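Structure first, then comments.
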Amino acid sequence: MLKIKKLTVHYGPLPALKEISLEIARGESVALLGPNRAGKTTLLLTLSGILETTEGRIIFQEEDITNLTPHQIVSKGLIHIPQGRHIFPTLSVYDNLQLGAYTRKKEKEGIKKNLEEVFLLFPRLMERTGQRAGTLSGGEQQMLAIGRAMMGKPKLLMLDEPSLGLAPRFIEEIFACLKKMNQKGLTLLMVEQEIPLTLSIAHRGYLLRNGRLIKEGSSSLLLESKEIKELINL
Ligand SMILES: Nc1ncnc2c1ncn2[C@@H]1O[C@H](COP(=O)(O)OP(=O)(O)O)[C@@H](O)[C@H]1O
Ligand SMILES: [Mg+2]
């Protein structure tokens, strides 16, 4: 579904990603792991079209999407939930969800059906449709961020540290939902620091360090590897 070929990205003169190649098949759940400043966020921002590539290609569903605009990329179903969630705090839960469907304005029926699916997944959001999003708890805001992304009909959903700053019970709830969404066919690319939990719902993973991929493998293989054990104990 997604193929990244020898991707290099710079901030000014400094390279942040160096010749990254990776592949994600339809229906897979894939973890992208690595210490702080490894380049994980940079990779997601590049896939979303927010940062420009220096070299390399990004192929999504057999189509070259390298350096398309963020809007074009979202319309194709490659959707990114940024670190820190970025919901609209002064808007209601309902309006935040509607904004997630901004690329599909003409599909009234589809949007309505989608909204019902989001409420089924996150009943808490349904109970709070009229509430201002900024007054939700951190866990509820992350649910809203995921719900809003689902309103854009993702084919591949990318999440940047969804567990950051959340209480443990919310983290577990959110990961249970992500697992359910993946089992229903949604392809996932997850950047996370909660490594064992993430690998428990991922099929495979990649380890990034200093802008380079240094290891890849099945979740069970990674959990046993010395590099991942070191990272967990950091
Ligand atoms: N806006 C920016 N301008 C310049 N350098 C940046 C910027 N954002 C990140 N970097 C640098 O790029 C590298 C990778 O950062 P990042 O992708 O945020 O890593 P991670 O998400 O793995 O913590 C780091 O060395 C970081 O300092
Ligand atoms: Mg980051």
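If you go through segment 53-82, how many residues are in contact with a strand residue (DSSP E or B) (Cβ under 8 Å, 6 or more places away or on another chain), of a type in the set (D, E, K, R) and farther than 20 Å from Ala16 by Cα?
2
Does Arg204 count as over 22 Å from Lys153 (Cβ atoms), basic (Lys, Arg) and within 16 Å of ligand 2 (Cβ to nearest atom)? Outline the logic, then answer.
Values: over 22 Å from Lys153 (Cβ atoms): yes; basic (Lys, Arg): yes; within 16 Å of ligand 2 (Cβ to nearest atom): no.
So Arg204 fails the test.
Yes/no matrix, rows are residues, columns are (1) buried (at least 16 other Cβ atoms within 10 Å of the Cβ); (2) touching a residue at least 60 places away in the same chain (Cβ under 8 Å):
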| site | (1), (2) |
| --- | --- |
| Thr53 | yes, no |
| Thr66 | yes, no |
| Pro70 | no, no |
| His80 | yes, yes |
| His86 | no, no |
| Ala133 | yes, no |
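Condition check: assigned to a helix (DSSP H, G or I), touching a residue at least 12 places away in the same chain (Cβ under 8 Å) and under 19 Å from Leu47 (Cα atoms). Does Ile146 satisfy that? Before you say what the answer is, go through the steps one by one.
Values: assigned to a helix (DSSP H, G or I): yes; touching a residue at least 12 places away in the same chain (Cβ under 8 Å): yes; under 19 Å from Leu47 (Cα atoms): yes.
Answer is yes for this residue.
For segment 54-84, which positions are closer than 23 Å to Met143 by Cα and either within 15 Å of ligand 1 (Cβ to nearest atom) or assigned to a strand (DSSP E or B) (or both)?
If we filter segment 54-84 for residues that are closer than 23 Å to Met143 by Cα, which is where we start, we get 70-71, 73-84.
Of everything in segment 54-84, those that are closer than 23 Å to Met143 by Cα and either within 15 Å of ligand 1 (Cβ to nearest atom) or assigned to a strand (DSSP E or B) (or both) turn out to be Leu78, Ile79, His80, Ile81, Pro82, Gln83, Gly84.
Name the residue, out of Leu17, Leu51, Leu44, that is assigned to a helix (DSSP H, G or I) and either over 15 Å from the mean Cα position of the chain (by Cα) or within 13 Å of ligand 2 (Cβ to nearest atom) (or both). Let's see the steps before the verdict.
Values: Leu17 fails: assigned to a helix (DSSP H, G or I); Leu51 fails: assigned to a helix (DSSP H, G or I).
Only one candidate passes the filter, namely Leu44.
What residue, of Thr103, Thr90, is away from ligand 2 (no atom under 13 Å from the Cβ), assigned to a loop (DSSP other than H, G, I, E, B) and touching a helix residue (DSSP H, G or I) at 6+ places or on another chain (Cβ under 8 Å)?
Values: Thr103 fails: assigned to a loop (DSSP other than H, G, I, E, B).
Within the list Thr103, Thr90, the selection yields Thr90.
I'd like to check something: does segment 158-173 contain any residue that is among the hydrophobic types (A, V, I, L, M, F, W, C), within 16 Å of ligand 1 (Cβ to nearest atom) and crowded, with 17+ Cβ neighbours inside 10 Å? If you could, list the steps in order and put the result at the bottom.
Filtering segment 158-173 for residues among the hydrophobic types (A, V, I, L, M, F, W, C) gives 158-159, 164, 166-167, 170-171.
In the following step, the residues that additionally are within 16 Å of ligand 1 (Cβ to nearest atom) were identified as 158-159, 164.
Now restrict to residues that are crowded, with 17+ Cβ neighbours inside 10 Å: 158-159.
The answer is yes, given that some residue of segment 158-173 is among the hydrophobic types (A, V, I, L, M, F, W, C), within 16 Å of ligand 1 (Cβ to nearest atom) and crowded, with 17+ Cβ neighbours inside 10 Å.
Out of the residues in segment 202-234 that are within 18 Å of Ser21 (Cβ to Cβ) and of a type in the set (Lys, Arg), state the one that is nearest to the chain's Cα centre (by Cα).
Going through the qualifying residues, I end up with Arg204.
On the basis of being away from ligand 1 (no atom under 16 Å from the Cβ) and among the basic types (Lys, Arg), does Lys6 make the cut? Working first, answer last.
Working: away from ligand 1 (no atom under 16 Å from the Cβ): yes; among the basic types (Lys, Arg): yes.
Spelling it out, Lys6 is indeed away from ligand 1 (no atom under 16 Å from the Cβ) and among the basic types (Lys, Arg).
Please verify whether Arg26 is assigned to a loop (DSSP other than H, G, I, E, B), closer than 19 Å to Met190 by Cα, under 17 Å from the mean Cα position of the chain (by Cα) and modelled with pLDDT of 95 or more, treating the condition exactly as stated.
Working: assigned to a loop (DSSP other than H, G, I, E, B): yes; closer than 19 Å to Met190 by Cα: yes; under 17 Å from the mean Cα position of the chain (by Cα): yes; modelled with pLDDT of 95 or more: yes.
When the stated conditions are applied, Arg26 passes them.
The values are calculated or read from the model by the stated rules, or taken from the named source; none is laboratory data. Quick caveat, the model's predicted, so the values are computed rather than measured. Positions of Cβ are generated from backbone atoms using ideal geometry, with glycine treated the same way; all protein chains shown enter the neighbour counts.
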